[in-house]
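> There's a structure below that I have some questions on.
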Amino acid sequence: MNLAWLHRWGSPKWFYEMSGRCLPWLAAASALLIATGLAWGLAFAPSDYQQGHSFRIIYIHVPAALLAQSIYMMLALAGAVGLVWKIKLADVALQQAAPIGAWMTVIALVTGALWGKPTWGTYWVWDARLTSMLILLFLYFGIIALGQAITRRDNAARACALLAVVGVVNIPIIKYSVNWWNTLHQPATFSLAEKPAMPPQMWMPLLLATLGFYCFFAAVLLARMRLEVLKREADARWAGNELARLLEGRP
């Protein structure tokens, strides 16, 4: 198997240059998609025949929940790459993505609670989906805490990678909890195998908002990784020159 592309992206200098080209496009796409999706969904989409206007929180809750799970799968993949191929940039990606994933999980839990009050009559129940999402938040906290508590970088990277890989077993539990157990939570909103249950004027803005959230994550992740790469590679000539350029405000 040709893994030259993997090692190329593992080069801090090459990553820094390529990510700098992608970042403006991702930032612009995220702003456009999120603004369009949320404005359409919150202001112009028809209300739900059962839940009324309270369903509109779906345009924030669902993208955040999907992204929270996707980010953790990315952490597990980065952890596996770091453990097997010893690519240091994989640890950078893992460490910088974890706080974003934790925030998305918090948003998903909070918006879910606000949605649950008018729908179920309570903010929280120990439902299988809700409980597994709470466990996901604790996994994010564990990775962040490990990365900060262990002073030696190699040991911290190994510990965080192991936790990310082991913890990924929680993702299928989150996804299939509504099928495996009798839960209050509704089935999946998006499914590649089935036709959407909502009319196009309701699911189209949700799709745009979801794509916008993913572009937002990519843009924020690249920005965080670029700063961390400069910090770790400060002794390299190219990183020193880049830091000097940034400090002086030169284009």
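The values are calculated or read from the model by the stated rules, or taken from the named source; none is laboratory data. Just so it is clear, the structure is predicted and the values come from calculations on it, not from any experiment. Glycine gets a Cβ as well: all are built from the backbone with ideal geometry, and neighbour counts include every protein chain shown.
> Given the conditions (1) surrounded by 18 or more Cβ atoms within 10 Å (Cβ to Cβ); (2) farther than 26 Å from GLU233 by Cβ; (3) without any contact (Cβ under 8 Å) to a residue 24 or more places away in the chain, report the number of the one that LEU146 does not fulfil.
Single failed check for LEU146: (2).
> If you don't mind, another one. Would you point out the residue of segment 222-241, among those that are over 28 Å from the mean Cα position of the chain (by Cα) and of a type in the set (D, E, K, R), that is surrounded by the most Cβ atoms within 10 Å (Cβ to Cβ)? Even if it seems obvious, please write down each step before you answer.
Within segment 222-241, the first condition is being over 28 Å from the mean Cα position of the chain (by Cα), and the residues that meet it are 235-238, 240-241.
Applying the additional criterion that residues be of a type in the set (D, E, K, R) yields 235, 237.
On the way: ASP235: 7, ARG237: 9.
Looking at the filtered set, the residue picked out is ARG237.
> Can you say whether PHE217 is modelled with pLDDT of 75 or more and under 18 Å from GLY20 (Cα atoms), as far as the supplied structure shows?
Working: modelled with pLDDT of 75 or more: yes; under 18 Å from GLY20 (Cα atoms): yes.
Answer is yes for this residue.
> Given the structure, is LEU89 at pLDDT below 95 and either of a type outside the set (Gly, Ala, Ser) or out of contact with any Cys (no Cβ under 8 Å at 6 or more places or on another chain) (or both)? Write out each step before concluding.
On the way: at pLDDT below 95: yes; either of a type outside the set (Gly, Ala, Ser) or out of contact with any Cys (no Cβ under 8 Å at 6 or more places or on another chain) (or both): yes.
So LEU89 fits the description; yes.
> If you go through segment 1-54 one residue at a time, how many are closer than 26 Å to ALA236 by Cβ, of a type in the set (A, V, I, L, M) and either loosely packed, with under 12 Cβ neighbours inside 10 Å or at pLDDT below 95 (or both)? Lay out the reasoning, then the answer.
First pass over segment 1-54, keeping only residues closer than 26 Å to ALA236 by Cβ: 3-24, 26.
Then keep just the ones that are of a type in the set (A, V, I, L, M); that gives 3-4, 6, 18, 23, 26.
So of that shortlist, the ones also either loosely packed, with under 12 Cβ neighbours inside 10 Å or at pLDDT below 95 (or both) come out as 3-4, 6, 18.
Residues flagged as closer than 26 Å to ALA236 by Cβ, of a type in the set (A, V, I, L, M) and either loosely packed, with under 12 Cβ neighbours inside 10 Å or at pLDDT below 95 (or both) within segment 1-54 amount to 4.
> Take the residues in segment 111-132 that are hydroxyl-bearing (Ser, Thr, Tyr) and outside any loop (DSSP other than H, G, I, E, B), then tell me which one is nearest to TYR72 (Cα to Cα).
In this case the residue turns out to be SER132.
> Is it true that some residue in segment 55-70 is out of contact with any helix residue (DSSP H, G or I) (no Cβ under 7 Å at 6 or more places or on another chain) and within 15 Å of TRP203 (Cβ to Cβ)? Before the answer, list the steps.
Filtering segment 55-70 for residues out of contact with any helix residue (DSSP H, G or I) (no Cβ under 7 Å at 6 or more places or on another chain) gives 55, 70.
Keeping just the survivors that are within 15 Å of TRP203 (Cβ to Cβ) gives 55.
Yes - at least one qualifying residue is present in segment 55-70.
> Also, I was wondering about something else. Do any residues in segment 26-45 that are closer than 12 Å to ARG56 by Cβ have Cβ atoms under 9 Å from those of residues that are of a type in the set (S, T, N, Q) and surrounded by 17 or more Cβ atoms within 10 Å (Cβ to Cβ), where the two are at least six apart or on different chains, and which pairs are they?
Qualifying pairs under 9 Å: GLY37/THR210.
> Every residue in segment 195-241 that is of a type in the set (D, E, K, R), touching a helix residue (DSSP H, G or I) at 6+ places or on another chain (Cβ under 8 Å) and over 21 Å from ALA29 (Cα atoms), please. If you could, list the steps in order and put the result at the bottom.
Residues of segment 195-241 of a type in the set (D, E, K, R): 195, 224, 226, 228, 231-233, 235, 237.
Filter again for touching a helix residue (DSSP H, G or I) at 6+ places or on another chain (Cβ under 8 Å), leaving 224, 226, 228, 232-233.
GLU228, ARG232, GLU233 - these are the residues of segment 195-241 that are of a type in the set (D, E, K, R), touching a helix residue (DSSP H, G or I) at 6+ places or on another chain (Cβ under 8 Å) and over 21 Å from ALA29 (Cα atoms).
> Let me ask something additional. Quick check on my filter: what residues within segment 160-180 are more than 16 Å from ALA97 (Cα to Cα) and either surrounded by 17 or more Cβ atoms within 10 Å (Cβ to Cβ) or not polar (S, T, N, Q) (or both)?
First, pick out the residues of segment 160-180 that are more than 16 Å from ALA97 (Cα to Cα): 166, 169-180.
Across segment 160-180, the qualifying residues are VAL166, VAL169, ASN170, ILE171, PRO172, ILE173, ILE174, LYS175, TYR176, SER177, VAL178, TRP180.
Residue-wise test of (1) of a type in the set (Lys, Arg); (2) surrounded by fewer than 17 Cβ atoms within 10 Å (Cβ to Cβ); (3) without any contact (Cβ under 8 Å) to a residue 60 or more places away in the chain; (4) closer than 19 Å to ARG232 by Cβ.
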| position | (1), (2), (3), (4) |
| --- | --- |
| LEU77 | no, yes, yes, no |
| ALA80 | no, yes, no, no |
| THR105 | no, no, yes, no |
| MET133 | no, no, no, no |
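> Go through (1) in a helix (DSSP H, G or I); (2) modelled with pLDDT of 85 or more for ARG245 and report which single condition fails.
Among (1) in a helix (DSSP H, G or I); (2) modelled with pLDDT of 85 or more, the lone unmet condition for ARG245 is (2).
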